[in-house]
Amino acid sequence: MTLSLTQLAPNLWVAQSRLFFTSSGIFLSRGQTCLIDPGVFPDEIHAIAGFVAGQDCEPLKLVLTHSHWDHILGPEHFADVPTVAQASYLSEVSGQGGTHTRQQIERWEAKHDIGRTQPFVIPRPAETFEEATTLTVGELTLHLMHAPGHSSDQLVVYQPDSATLWAADMLSDIEIPFISHNLAAYQRTLAMLSALDIQTLVPGHGRAASDSAEIRSRISEDTAYLAELRGRVQQAVLEGRTVQETADLCADMRYRSHEENVGPHRLNLESVYVELGGEADPSDVGWGQLLDETG
Ligand SMILES: [Zn+2]
């Protein structure tokens, strides 16, 4: 298998995995690199390592945008490179969350006949931060910002000189917002991002965008989707509706790639129903029941 790397900005190369169109990034400047979510299949990670070596570069840092299983397979291949994550990563991967993550990876590796000589160990970050931090890579300054909503530990990477935003699992052209953490947090995060100057947008899954109109429309579509979902579910909760009645009331909402996103939309409205005070057990409905599937 070959992995194609595309240069999206003067100092940024991006690869797309054959799993979920997952993006891996390489910020590169003056012989130094910072890797973002390198993955997912072992051959893809090897190709990224080969590219970096071919550029005569020293990998300086490895950033994990969040703790979901499809984003954390890279670090074991870059054992000497310090990993950076948002502080909530540590609680996300401890206890039951960590067990689920390991099980997801075991199942996925078994399905794809990916052998390993030693068991997968969830990477431990060498550095964490709470709200924001910066990394210097050659001449680049990368701003890492906490961006919860999809997961409690999600971060985005912003490079102001090229107005590039690495949006983690947001602002995809194929996915709707997956509200697998918290709607209010997701809305605050999108509001923060909408204030940035963005010329190049890289979503964690899907196609990058460098057209201003497309970038603006992804932000406004996702903002509108969250606001409409909040409004409809809030009304249903006030009226004392059940989860199923609420789902029926949200069935005619419009969103991108409708057929593929019917399932995530259902999980979203169920989770939001619980978040807004609807009576249901969070372990029976929404993303909480599907800790296994929050890729
Ligand atoms: Zn995710």
Connecting every pair of Cα atoms under 10 Å apart in the chain and solving the GNM, the largest mean-square fluctuation among 67, 180, 162 falls on 162
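Rounded to the nearest 5, what % of DSSP beta bridges with both residues in the chain are antiparallel?
Taking every DSSP beta bridge within the chain, about 70 percent pair in antiparallel fashion.
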Roughly what angle does helix 212-238 make with the longest principal axis of the chain, taking Cα atoms, 0 to 90 degrees, to the nearest 10?
30 degrees
Beta bridge orientation in the stretch 1-124: antiparallel %, DSSP, nearest 5:
65 percent
Potential extension, residue 53-residue 227 segment - 0.36 nm per residue separation minus Cα distance
58.1 nm
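Could you estimate the translational diffusion coefficient of the stretch 1-127 from the Stokes-Einstein equation, with Rh from the Kirkwood formula over C-alpha pairs, at 10 °C and 1.306 mPa s, in whole µm²/s? Don't skip to the end; give the middle numbers.
Values: Rh = 14.9 Å.
Stokes-Einstein gives a translational diffusion coefficient of 106 µm²/s.
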In a Gaussian network model over the chain where Cα atoms closer than 10 Å are linked, find which of 203, 38, 125 has the largest mean-square fluctuation.
125
Explain nothing, just compute: Karplus ³J(HN,Hα) = 6.51 cos²θ - 1.76 cosθ + 1.60, θ = phi - 60°, for every residue of the stretch 78-89 in order, whole Hz, x for Gly and Pro.
10, 4, 8, 9, x, 9, 10, 8, 6, 4, 5, 3
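In nm², what is the average projected area of the convex hull enclosing the Cα atoms of the chain? Mind dumping the intermediate values first?
Details: hull surface 59.4 nm².
If you wrap the Cα atoms of the chain in a convex hull and average its projections, you get 14.8 nm².
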Report Rg (one decimal) and Dmax (nearest whole number) for the stretch 165-235, counting Cα atoms only, units Å.
11.8, 38
Over the chain, what relative contact order in percent results from Cα pairs under 8 Å that are six or more residues apart?
14 percent
Whole-Å distance, taken between Cα centres, linking the stretch 204-225 and the stretch 80-145
26 Å
Computed over the chain: longest principal axis from alpha-carbon atoms vs helix 258-275 long axis, angle to nearest 10 degrees, is 70 degrees
Checking 277, 54, 138 against a Gaussian network model of the chain (alpha-carbon springs below 10 Å), the top fluctuating residue turns out to be 54
How large is the direction-averaged shadow of the alpha-carbon convex hull of the stretch 146-295, in nm²?
8.3 nm²
Counting only trypsin sites (Lys or Arg not before Pro) that sit in a DSSP loop (anything but H, G, I, E, B) with at most 13 other Cβ atoms within 10 Å, what is the longest stretch of the chain containing none of them?
117-253
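Using helices alone, I'd like the mean residue ellipticity at 222 nm for the chain: each DSSP H run of four-plus residues gives -39500 (n - 2.57), total over residue count, nearest 500.
When only DSSP H runs of four or more count, the value is -10500 deg cm²/dmol.
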So what's the convex hull volume per residue for the Cα atoms of the stretch 4-72, in Å³?
77 Å³
Would you calculate the separation in nanometres between label points at residue 90 and residue 245, each defined as 7 Å from the Cα along the Cα-to-beta-carbon direction?
4.5 nm
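Values quoted throughout were computed directly from the atomic coordinates according to the rules given, and no laboratory measurement underlies them. Only a predicted model underlies this, so the values are computations on that prediction, with no experimental measurement involved. Cβ atoms come from the backbone with ideal geometry, glycine included; neighbour counts cover every protein chain shown.
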